[in-house]
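Notes follow the structure.
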Amino acid sequence: MRHVDDHERRARLLVRHRWADRTDLVEEAVAAMTVLHATDVPTVYLSLLARVDGLAVADVDDALYRRRSLVRHMAMRRTLFGFPRDLLPAALGGPSARVAGAERRRLVKEVEAAGLTDDGAAWLAGAAEDVLACLADGTPRTATQVKAEVPAVAGGYQYATDKAYGGTVPVAPRVLTVLALEGHLVRAHNDAHWRINRPTWTTTRTWLGEQPAPIDADRGWAELVRRWLWTFGPGTLADLVWWTGATKTIVRQALADVAAVEVSLDSGATGYLLPDDLAPVTHDEPSVALLPVLDPTPMGWQDRSFFLGDRMADYFDSTGNAGTTAWVDGRVVGCWVQDPHGTVRVHLVEPVSRAARSALDAEATRITDWCAGERVSPIWVSPLMKAAAANG
């Protein structure tokens, strides 16, 4: 069995993830990562900044809103991603369909339990029809605007009022989410600054000029697993189950469909590579990066010990959400934060060479200059980021 040690895994990360060798094209950077995380809208911009030379905000806006080669779409783990357009059929046929079914059932159950209707399925069918009719004119609208025009989704209901996460749940975003998961709607322009998430919604056909047809589920999962293996491989079955949000049965079938090859890892686990990706990969040039919250690199695996050691709790929450990370030669060595003036400061917890520190500081200056005084307020702050901010 081919053995891939941790050193080679880090080399593969450096080569495949394009921040050791940046590209000039947004689409190449997106394809290199399979998808970008888009739950926090600034992540899309800052993840691309780490991988694209000479990037401007307008370049990302072009990809998202004019060329529309990058589409924000919910799929794996009920998470919002920036998908390359050609991967949408696989997402719609595999993970999005799986999440859509769960979301439909949950919404039907909750509106019935809240007393909004006695027949949640019929209510949802009618509400969906009304929303699609509202958006049929091709004018993108925010969820608030849809709510104002569609009485069926104007209200909300109380949920888990005895819990910290409970409260009033507006139904409009829930219905919009289901329709987007099923491919009827898409998130269009952002009705705010690039640092703030305020999406508008329109029909998929209006936005893309076509209605992407979902491929069958097995082919969809297999295509996602194939691309994941090229970007993140080798990885384990557990890594893939976590990243896809699928069952072991689904992932095993997808691995068989792409003829994945078993390899051994330093952790003692069995990993997988594509059959045409078994040659050793090396990368000996010094490399540094400052990656944003929820960047796809640290979010690619369930077991991150080969680049993180035993510091998982410093950088991630209990559900696997990553804070900012500072990297040297494929290892995480700290994090970064912005001060009140927007200046990026690097906070290290691992020893690095003087040359590496200088390179990290240069990258911090590059991000500071790019943000031009704008401060990004991430949706989640890691314990290490909190410590860095407290230390001034």
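The values are calculated or read from the model by the stated rules, or taken from the named source; none is laboratory data. Note that the structure is predicted; figures quoted are calculated from it, not measured. Heads up, the Cβs are rebuilt from the backbone with ideal geometry, glycines too, and the neighbour counts pull from every protein chain shown.
Observations
- In the range 342-358, the residues that are in contact (Cβ under 8 Å) with a residue 24 or more places away in the chain reach residues that are of a type in the set (Gly, Ala, Ser) and part of a loop (DSSP other than H, G, I, E, B) with C-beta atoms within less than 8 angstrom, at least six apart or across chains, in these pairs: 342/372; 342/373.
Each row is one residue, and each column tells you yes or no for (1) over 18 Å from residue 225 (Cβ atoms); (2) in the same structural domain as residue 157 (by TED's automatic domain parsing); (3) aromatic (Phe, Trp, Tyr).
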site	(1), (2), (3)
15	yes, no, no
22	yes, no, no
38	yes, no, no
41	yes, no, no
55	yes, no, no
90	no, no, no
102	yes, yes, no
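- Residue 371 satisfies every condition listed in (1) surrounded by fewer than 16 Cβ atoms within 10 Å (Cβ to Cβ); (2) of a type outside the set (Ser, Thr, Tyr); (3) touching a Gly at 6+ places or on another chain (Cβ under 7 Å); (4) farther than 22 Å from residue 287 by Cβ except (1).
- Filtered residues of the range 359-392 (kept if free of Cβ contacts under 8 Å to residues at least 60 places away in the same chain, hydrophobic (A, V, I, L, M, F, W, C), over 25 Å from residue 53 (Cα atoms) and touching a strand residue (DSSP E or B) at 6+ places or on another chain (Cβ under 8 Å)): 387, 388, 389
- The residue of the range 71-85 that is surrounded by the fewest Cβ atoms within 10 Å (Cβ to Cβ), among those that are charged (D, E, K, R) and closer than 20 Å to residue 203 by Cβ, is 85.
- Considering residues of the range 105-137 that are assigned to a loop (DSSP other than H, G, I, E, B) and not hydrophobic (A, V, I, L, M, F, W, C) only, the residue farthest from residue 245 (Cα to Cα): 137
- Which listed residue, of 352, 333, is β-branched (Val, Ile, Thr) and under 23 Å from the mean Cα position of the chain (by Cα): 333
- Near pairs, Cβ below 6 angstrom, 6+ apart or cross-chain, from the range 247-270 (farther than 23 Å from residue 98 by Cα) to any residue that is of a type outside the set (Phe, Trp, Tyr) and part of a loop (DSSP other than H, G, I, E, B): 259/275; 261/275; 263/2; 263/234; 264/1; 266/5
- Some residue of the range 197-204 being of a type in the set (Phe, Trp, Tyr) and touching a helix residue (DSSP H, G or I) at 6+ places or on another chain (Cβ under 8 Å): yes
- Filter result for residue 168 (among the hydroxyl-bearing types (Ser, Thr, Tyr), surrounded by fewer than 20 Cβ atoms within 10 Å (Cβ to Cβ) and not in a strand (DSSP E or B)): no
- Which listed residue is farther than 30 Å from residue 249 by Cβ, touching a helix residue (DSSP H, G or I) at 6+ places or on another chain (Cβ under 7 Å), surrounded by 15 or more Cβ atoms within 10 Å (Cβ to Cβ) and at pLDDT 95 or above, from 104, 68, 9, 16: 68
- In summary, residue 265 fulfils each of the numbered conditions (1) of a type outside the set (Ser, Thr, Tyr); (2) more than 22 Å from residue 32 (Cα to Cα); (3) modelled with pLDDT under 95; (4) touching a helix residue (DSSP H, G or I) at 6+ places or on another chain (Cβ under 9 Å) with the single exception of condition (3).
- Which listed residue, of 102, 58, 97, 63, is in a helix (DSSP H, G or I), of a type in the set (A, V, I, L, M) and touching a strand residue (DSSP E or B) at 6+ places or on another chain (Cβ under 8 Å): 63
- Counted residues, the range 327-344 - those being out of contact with any Leu (no Cβ under 6 Å at 6 or more places or on another chain), surrounded by 20 or more Cβ atoms within 10 Å (Cβ to Cβ) and in a strand (DSSP E or B): 5
- Of the residues making up the range 275-309, just one is surrounded by fewer than 18 Cβ atoms within 10 Å (Cβ to Cβ) and in a helix (DSSP H, G or I), namely 305.
- Qualifying residue in the range 310-323 (condition: surrounded by 15 or more Cβ atoms within 10 Å (Cβ to Cβ) and closer than 15 Å to residue 6 by Cα): no
- Scanning the range 175-197 for residues that are of a type in the set (Gly, Ala, Ser) and more than 11 Å from residue 141 (Cα to Cα) yields 180, 183, 192.
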